[in-house]
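Note sheet for the following structure.
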């Protein structure tokens, strides 16, 4: 059972990336559109932050589930990968007439990654956010047993 959980955790970032890719191919109102158009736009624009923060966190959890030593350089590489996927997503959206791609959207993607990176880096390498650090280390230990 644990073997299955470990592989699900390792595959989740790729499944999530496929979901991002698919949603980027569809009109922004495909799944939901709120009656208030300004509220709808605000919520959907703020999702850039959340979407890529989640991707980075899934990368972190996947790597923590493995045998790779989680060093600062690995953490930076994961953050860069999530940010680069944000760039890829913006380029992908630019090919659809009903979607938009902008540097501001890319900025929001990278900002979402940077915020979670700050907390993960602080928790695991700078002695801050001790509760989060304990949680992440406990996660790693539970995957190693």
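The values are calculated or read from the model by the stated rules, or taken from the named source; none is laboratory data. Quick caveat: nothing in here was measured; it's all calculated off a predicted structure. We place every Cβ from the backbone using ideal geometry, glycine too, and count neighbours over all the protein chains shown.
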Original post:
Of everything in region 20-31 that's surrounded by 12 or more Cβ atoms within 10 Å (Cβ to Cβ) and either under 20 Å from the mean Cα position of the chain (by Cα) or in a helix (DSSP H, G or I) (or both), which residue is modelled with the lowest pLDDT?
Top reply: 28
**OP:** Taking only region 93-121 into account, find how many residues are under 19 Å from residue 56 (Cα atoms) and in contact with a helix residue (DSSP H, G or I) (Cβ under 8 Å, 6 or more places away or on another chain).
**Re:** 15
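Every residue, every condition in (1) surrounded by fewer than 17 Cβ atoms within 10 Å (Cβ to Cβ); (2) at pLDDT below 95; (3) within 17 Å of the chain's Cα centre (by Cα), yes or no:
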site	(1), (2), (3)
71	yes, no, no
75	no, no, yes
84	yes, no, yes
91	yes, yes, no
97	yes, yes, no
102	yes, yes, no
111	yes, no, yes
125	yes, no, no
143	no, yes, no
